[in-house]
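Peer 1: Let me begin by handing over the structure; questions about it come next.
The values are calculated or read from the model by the stated rules, or taken from the named source; none is laboratory data. If you're wondering where the values come from, they're calculated on a predicted model, not measured in any experiment. Reconstructed Cβ throughout: ideal geometry from the backbone, glycine too, with neighbour counts over all protein chains shown. To get the accessible areas, we keep the full protein, side chains included, count just its heavy atoms, and leave off ligands, DNA and RNA. Shrake-Rupley method; radii C 1.70, N 1.55, O 1.52, S 1.80 Å.
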Amino acid sequence: MKIELYKTLKNLLETATYIRDIKGEDFFEITSLINKISEVYDNFYQYEPSYLENFVKKTKEQLDILLDQGEKTLTPYEIVKITRHPQRFTLQDILENVYDSYMELGGEGEINIDPAVVCAKAMLVRKVGDEIFFHQVMVIGHEKGHGEEFREGGSAKPWGNEKALRYMKMAETEGIPIHFFIFTPGAYPIEDYPGAAQQIAKNLYHMAKLRVPTIAFISEGGSGGAEAIGLADMRLMAEKGYYSVISPEGAAAIEAKIKDGRPPRELVEKCARSLKLTAKDNLRFGTIDKIIPEPPLGARRKDCEFFKRLKIELIRATDEVILQTRSIKFLRKYAVSKQETENFKYYVNWDLDEDEIEILIENRYKKYRKMTQWAVHENKTLFKSFFDLGHTISVKLKNEINYKILKQGQKTFKKFLNELTSESTLLLKPVSDPIKTVYNLIVGKKTGPKLITPSLQDDDIPTYVSPLALEDKTITCPQSEKYSCPDLWVPDLYGEFCGVCPNCGYHFPLEYKWYLNNIFDKNSIRTFNDEITSTNPLEFEGYAEKLKAAREKTGLNSSLISFEAKIGGISLIAVMLIAEFRQGTVGVAEGEKFIRAIELAKLTRRPFLALVHTTGGIRIHEGTIGVVQMPRCTMAVRDYVDEGGLYIVVYDNNSYAGPVASFLGSAPYQFALKSTRLGFAGPRVIRETTGQDVPPDYHSAENALKRGHIQGIWDRRELRKKLFTALLTMGGKNLYYRW
Amino acid sequence: MKIEYEHLNVILQKFKANPYKIFKVNTIHTGYIRDFLVKEGDEVKGPSGKWLEKPGTSLFVLEREKNLKTIRAHINGWVQNLRTDLLNRFVEAEETILEIKHPLSQQEIISEILLSALYLVKAPETAKYVLSPGLAAKIEKEGLHKVKIKKGDELLIMTFMKRETPIFFEEDGVFLIYNIYFKPFQLIERGQPLIGLCPEEQLPYLEKIVSRIREEWPL
Amino acid sequence: MKEKILIANRGEIALRIMEACKDLGIDYVVIYTKEDVESLHVRYAKEKYRICDYRDMNDLLAVADESGCTAVHPGYGFLSENFRFARRVVKRSRPLIFVGPSWEAIRDLGNKLFMKKLAKDLGIPVIPGTTEPVYNEIEAELKAEELLEELASLGIQKPSLLVKAVAGGGGMGIEEVKSLEELRPTFRKIKAYAKRLFGDEGVIIEGKIPVFQHLEVQLLGSKHGEYVHFGTRNCTIQSPHKQKRIEIAPGFSSQETYSFDPNKVEKEIIDYSIKLAKAFNYDSVGTWEWLVTPDGKYYLMEVNTRIQVENEISAKISFIRNKQVNLIKEQIRVAFGEKLGYSQKDIEFKGTSIEYRLIAEDTKRGFIPLSGTITKFSWPEVPWLTMRTHVPQDKPYTIPTQFDPNLALAIVYGENFEEAKKRGLTLLDQVIIEGVTPDGKELETNLSFLKEKTEFLYKFLEA
């Protein structure tokens, strides 16, 4: 009896400490309460049993009141603290308490390629009346541990995410559903092979078409790290979980422009509120499907009721996903039956046949295609929509008729070559000549076409002059110490040198318009979906003004422009993320434009090019509405590539975080211009997460190539030529100009 | 090539008497001196950080063709003979603007003393030199004191009279690359040491000298 | 405003420009690097600035502004044929006069391929070959095959090809190919070399003319549409690296016998040169280089849009109203917009002039340039000899190692070829160049090579 009391007292002490940790030391004199409990607990055997009994009862009542009070005043930042608390349930607790049996695969505690990622073969038992049915599932998730350091708080290393992918594929081979459990503050932001961003992108790309039902449960959903195992058919979320684009601390550091140290507490709490990271917010946004209720101030590792509930919800979610691939009627019946208890009224077979798998994948595409579409802001007149539709159809017809074979295209080519040569200048030569050469090579002509001699008129001068070039001054190449580069005269540098130091090859940043004017055939660019506008869906304080400033500065409505253009006569669809607009960050407007563009490329059988002028990641001011653009766009990428298209990404300047970890990093062909920096997280985040400084060239294109993240490094001066060669030699069979 | 212990003492005494080296900071090109960012006697630092990623102390601003260039210290020490009279004046190239009185570090003392202990490859001409690419890659990978060379190996590429001439190693025996005494692409006077080599079998002896200097000259 | 010229060069050409400026009454400023402090061009200049590099346009222009120059004379080599320099000089916010042709002319004529294409269009004969850079070997092989056929049809025995880097020059990045089998490996090699050295992997393939003479036409144009020529020069005698060593004017000798009419060929190449110059409104001195074969065929090779080292031999044989001409003075005059003040018919050609390039080089071992100190340098004081040198005679001179080891240009004049040649040989016997190499050995020069080669003047030579 006394032992029981002792245990209970211990639990009460833990609960009290927990309340203090979450609500703070000033919460209803919690500190003095803790002291009192400790006092009794420490001197337990000096007290009379009756006193103890009374004390325990009273304290329990007191704590229940405090829990309820705490629940009532729960703030978003306190929720963040709940998910991070060592007393919160972890994946290990779920495996023990929710599944009827499990076997961990590819790791055991510290003996593990990545202890932050746990994979297990698990079994669920379903009772229907007197009958018992067994379901096999693959469980893949983050393990935060209850304070064990080697778990890194559930931050998956790149190879941890690779391990996750391996077991996804195993489940796919065996045809069993996957349950994903997301308990991560974010991915461990290192670039070692396979690389944080690239591996997340690979996972997303694969999950887009996983041939088995997938359910995700989110307790701590830290941005890209969460998405690595988050693209699921059904997304459940713990009531006291958070799902966010960035940790509130990270957001505060960015808002306060802090390079080192901690941002102020008030700002962190404000950011937690602004980010709209709670389960309720996410359900409202449609970024999750269902909330799993928790006890006041959140479920902890001993909350058996919660685990029971979770088990039912997991089975139901899996059932629903599967039933959606079968007859609607059955699903309705199932839904009406209200599976609220452990005794199920139905048995649902979790095996899918080929047709059902196809429907499953289609449903998944539709689900993500629709996700956050409500937030897309589009000022479009009816006439314009009608025109766009008509245009799309006519383009499609034209391509089908004209370009089915290159034979027809040859004429266009020749014309292009002639035009190019007749109006070209010597300055353009390095650009145009290789194109002709490649053309001759591919067409296999013995002698080159007769060319018109260039004239020496004024149209020799390229029509586009970078505004940067219009100043009589010189600047120093940043690599001059190392390579003794002479100072560069600005008109030369930003004119003829294409912003490249001729001595060492360093690439100076150029404005995005330079690319539009120098890479594509003259007058071949036609933008579309310009009306889709970045807005402030979270009503993030102060953000609307920043957006307005960006719009005014650039004349653009979002950071992504989508357009059709030609290179060497080959028509293609392209998007460009633009540094001048909020550092090329991606939100719902950019995501939607990206998807529409790549869908148009698929429809019209054209190559698809993503030029990344710069991207700073997912726009934090759009919260998870931004984050889900990662799975959304990657889904579209997968669909396009599988259809036999050609998707090329070219990185320039700085490319980091979400987009690289999804729809850019999943491209089969990724190239970086020299002097590009690309990766997952910048040096500050790496230092904060890993405690390590990284060398200055950590994110360089050369290192990205060395690590196998990109396919090659290109020189900006040769970009047009390289792209042309790529268009002719790479990609699938479904391009309009292929035989 | 052997260095006697007694002789070593003499050299060490010499360095102890004057453990400084004066570095001139010359203008790298013409221009106007626009600003002095240090004062006479100021302490300055060379590049620092694990990867020398943090630049040295800013010394002065030189403007040419509307490019304001901050000239920084490449070595630590104290500023002396600062030519403040040149402020806002046009200066020619190679004009000395200040000097840095640099206290020699243990490593530098070792390096200086080893000049008389190592087999030196000297500049055959006043010219610009770079390590041969193959050798540079090897040193980068394996580090100094480990890379072996033998007769016929390409050591350096000399840019001389507008031509690139390879320089081959011509001694018998196996040597280790012990020290490199030059900066690439800079004009090196004829006869200046370029590379310090140590015969493989003499490495232990050399290390004895080094540890002796370390004793005498703690960090 | 009084004109003032920045002499953006070193050595003997800087001295010749200084002399021309003095004659014209124009002020000038000299620049030098620390290695050149002993050079005569520094000693003789009143106003001079030390800079970091003759190739650093920023330093040149900074000095030009500081010293109040109104014009820049680039000399030869260094930035003289850099169209970007010429463009910057005239386009900057404080523009200067560029003593040379327009930057467009430098750009377009300086690009051998472009020049060739344009010449072809104007009906000017050029060496058979690709008129565009070739980037891939399959195409290169096809081109080479065609070319070999073409050369054979021109009657060339055992035709061979030259594979050249587009961006190369001065014997760099060029290799001969004798059979189609060698083409691909050679092409690959040159392409890689070009990419590494010049950053442009474009390669051209040309037929090799096996036996020829190298003739060049000296032109002068003004801003008023006037064009004159100062005859031709013969520069057939070169080092194995295709660097000129002896030049002679005029280009053909009346005392030699040719299988063709040399006057007709000379007139034709002059006419063609002027035709191309007019197409560019060429308004400075310039040289059009031609190859002439033993059967009187000729091909335009390249255009040098600057004053050339050997300009003075043309000046020595050209007389305007009986007065000897100075081409550098003419170049400066037209740059400042002056009219010529004479026409072709006022120019009369008299005599023969030979230029020897005296160089510290090891002619027996691959013409390796040599460094060292000149301890004694003297030559006979005779009226028929002009010695152009920056090497002081009154004290030892250490040859800087960053530049070509050219010591002097010896320009000899004679009433006819016989006399000029005799005087040339006399000079080579009497000139004294003594010096020591850094190892204390006697410094070699190319005097004996020059003597030996004098016998081959006006001969057709095998390439």
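Peer 1: Please go through the stretch B:17-60 and give me each residue that is within 14 Å of chain C (Cβ to nearest Cβ) and part of a strand (DSSP E or B), ordered by number.
Peer 2: Scanning the stretch B:17-60 gives B:24, B:26, B:31, B:32, B:33, B:34.
Peer 1: From (1) more than 16 Å from residue C:331 (Cβ to Cβ); (2) basic (Lys, Arg); (3) part of a helix (DSSP H, G or I), pick out the condition that doesn't hold for residue C:55.
Peer 2: (3)
Peer 1: Okay, next question. Please tell me if residue A:25 is touching a Ser or Thr at 6+ places or on another chain (Cβ under 6 Å) and surrounded by fewer than 16 Cβ atoms within 10 Å (Cβ to Cβ).
Peer 2: Judged against the criteria, residue A:25 is a match.
Peer 1: Among A:588, A:628, which is out of contact with any strand residue (DSSP E or B) (no Cβ under 6 Å at 6 or more places or on another chain), within 13 Å of residue A:532 (Cβ to Cβ), in the same structural domain as residue A:643 (by TED's automatic domain parsing) and of a type outside the set (Phe, Trp, Tyr)?
Peer 2: Residue meeting the stated conditions: A:588.
Peer 1: For the stretch A:179-218, name all the residues that are open to solvent by 10 Å² or more (accessible area, probe 1.4 Å) and either acidic (Asp, Glu) or in contact with a Cys (Cβ under 7 Å, 6 or more places away or on another chain) (or both).
Peer 2: Within the stretch A:179-218, A:192 is the sole residue that qualifies.
Peer 1: Quick check on the stretch C:64-71. Is at least one of its residues touching a Lys or Arg at 6+ places or on another chain (Cβ under 9 Å), of a type in the set (Asp, Glu) and facing chain A (nearest Cβ under 10 Å)?
Peer 2: no
Peer 1: When you look at residue A:176, is it open to solvent by 10 Å² or more (accessible area, probe 1.4 Å), in contact (Cβ under 8 Å) with a residue 60 or more places away in the chain and part of a helix (DSSP H, G or I), yes or no?
Peer 2: no
Peer 1: Hand me the list of strands (runs of 3 or more DSSP E) wholly inside the stretch B:135-219 holding 1 or more residues that are touching a helix residue (DSSP H, G or I) at 6+ places or on another chain (Cβ under 7 Å) and of a type in the set (A, V, I, L, M, F, W, C).
Peer 2: Answer list for the stretch B:135-219: B:154-160, B:175-180, B:193-199.
Peer 1: Might you let me know whether the stretch A:691-707 holds any residue that is part of a loop (DSSP other than H, G, I, E, B), in the same structural domain as residue A:604 (by TED's automatic domain parsing) and under 20 Å from the mean Cα position of the chain (by Cα)?
Peer 2: Scanning the stretch A:691-707 turns up at least one residue that is part of a loop (DSSP other than H, G, I, E, B), in the same structural domain as residue A:604 (by TED's automatic domain parsing) and under 20 Å from the mean Cα position of the chain (by Cα).
Peer 1: So if I check each of C:399, C:411, which one is at pLDDT below 95, among the β-branched types (Val, Ile, Thr) and open to solvent by less than 60 Å² (accessible area, probe 1.4 Å)?
Peer 2: Among C:399, C:411, only C:399 is at pLDDT below 95, among the β-branched types (Val, Ile, Thr) and open to solvent by less than 60 Å² (accessible area, probe 1.4 Å).
Peer 1: Looking at B:94, B:40, B:65 in this structure, which one is among the acidic types (Asp, Glu) and farther than 30 Å from residue C:65 by Cβ?
Peer 2: That would be B:40, the only listed residue that is among the acidic types (Asp, Glu) and farther than 30 Å from residue C:65 by Cβ.
Peer 1: Now for a separate question. Could you check residue A:159 against (1) buried (at least 22 other Cβ atoms within 10 Å of the Cβ); (2) in contact with a helix residue (DSSP H, G or I) (Cβ under 9 Å, 6 or more places away or on another chain) and say which number it fails?
Peer 2: (1)
Peer 1: Please enumerate the residues belonging to the stretch C:175-190 that are buried (at least 18 other Cβ atoms within 10 Å of the Cβ) and either more than 13 Å from chain A (Cβ to nearest Cβ) or at pLDDT below 90 (or both).
Peer 2: Passing the criteria: C:177, C:183, C:186, C:190.
Peer 1: Moving to a separate point now. Of the residues that sit in the stretch C:357-384 and are among the hydroxyl-bearing types (Ser, Thr, Tyr) and loosely packed, with under 14 Cβ neighbours inside 10 Å, which one is nearest to the other protein chains (Cβ to nearest Cβ)?
Peer 2: Looking at residues that are among the hydroxyl-bearing types (Ser, Thr, Tyr) and loosely packed, with under 14 Cβ neighbours inside 10 Å, I get C:375.
Peer 1: While we're looking at this one, here's another question. Spot the failing condition for residue A:280; the list is (1) at pLDDT 95 or above; (2) within 30 Å of residue A:211 (Cβ to Cβ); (3) in a helix (DSSP H, G or I), and only one is missed.
Peer 2: Among (1) at pLDDT 95 or above; (2) within 30 Å of residue A:211 (Cβ to Cβ); (3) in a helix (DSSP H, G or I), the lone unmet condition for residue A:280 is (2).
Peer 1: Identify the single condition in (1) open to solvent by less than 30 Å² (accessible area, probe 1.4 Å); (2) farther than 13 Å from residue B:180 by Cα; (3) in contact (Cβ under 8 Å) with a residue 40 or more places away in the chain that residue B:161 does not satisfy, given that it satisfies every other one.
Peer 2: Status for residue B:161: all satisfied but (3).
Peer 1: Does the stretch C:421-434 contain any residue that is outside any strand (DSSP E or B), at pLDDT below 95 and more than 12 Å from residue C:354 (Cβ to Cβ)?
Peer 2: No, the conditions are met nowhere in the stretch C:421-434.
Peer 1: Taking the stretch A:186-232 on its own, how many of its residues are under 27 Å from residue A:93 (Cβ atoms), assigned to a loop (DSSP other than H, G, I, E, B) and more than 14 Å from the chain's Cα centre (by Cα)?
Peer 2: Number satisfying all stated conditions: 4.
Peer 1: Go through the stretch C:437-448 and give me each residue that's in contact with a strand residue (DSSP E or B) (Cβ under 9 Å, 6 or more places away or on another chain), within 14 Å of chain B (Cβ to nearest Cβ) and open to solvent by 60 Å² or more (accessible area, probe 1.4 Å).
Peer 2: C:444
Peer 1: Shifting gears a bit: Across the stretch C:312-362, what is the total count of residues that are among the aliphatic types (A, V, I, L, M), closer than 30 Å to residue C:448 by Cα and either in contact with a Gly (Cβ under 8 Å, 6 or more places away or on another chain) or assigned to a loop (DSSP other than H, G, I, E, B) (or both)?
Peer 2: 3
Peer 1: Checking residue C:381 against (1) free of Cβ contacts under 8 Å to residues at least 12 places away in the same chain; (2) under 25 Å from residue C:277 (Cβ atoms): exactly one of these is not met. Which one?
Peer 2: The failed condition is (2).
Peer 1: Please work out if residue A:542 is surrounded by fewer than 24 Cβ atoms within 10 Å (Cβ to Cβ), within 16 Å of the chain's Cα centre (by Cα), farther than 22 Å from residue A:368 by Cβ and in the same structural domain as residue A:678 (by TED's automatic domain parsing).
Peer 2: No; evaluated as a whole, the condition is false for this residue.
Peer 1: In the stretch C:37-63, which residue that is touching a residue at least 60 places away in the same chain (Cβ under 8 Å) and surrounded by fewer than 21 Cβ atoms within 10 Å (Cβ to Cβ) is nearest to the other protein chains (Cβ to nearest Cβ)?
Peer 2: C:38
Peer 1: When the stretch B:75-92 is examined, which residues are found to be touching a helix residue (DSSP H, G or I) at 6+ places or on another chain (Cβ under 9 Å) and either within 11 Å of chain A (Cβ to nearest Cβ) or not in a loop (DSSP other than H, G, I, E, B) (or both)?
Peer 2: B:90
Peer 1: Now for a different question. Do we have any residue at all in the stretch A:59-80 that's small (Gly, Ala, Ser) and within 18 Å of residue A:14 (Cβ to Cβ)?
Peer 2: Yes, the stretch A:59-80 has at least one match.
Peer 1: Any idea which of B:135, B:98, B:176 is free of Cβ contacts under 8 Å to residues at least 40 places away in the same chain, open to solvent by less than 20 Å² (accessible area, probe 1.4 Å) and not aromatic (Phe, Trp, Tyr)?
Peer 2: Testing whether each residue is free of Cβ contacts under 8 Å to residues at least 40 places away in the same chain, open to solvent by less than 20 Å² (accessible area, probe 1.4 Å) and not aromatic (Phe, Trp, Tyr) leaves just B:176.
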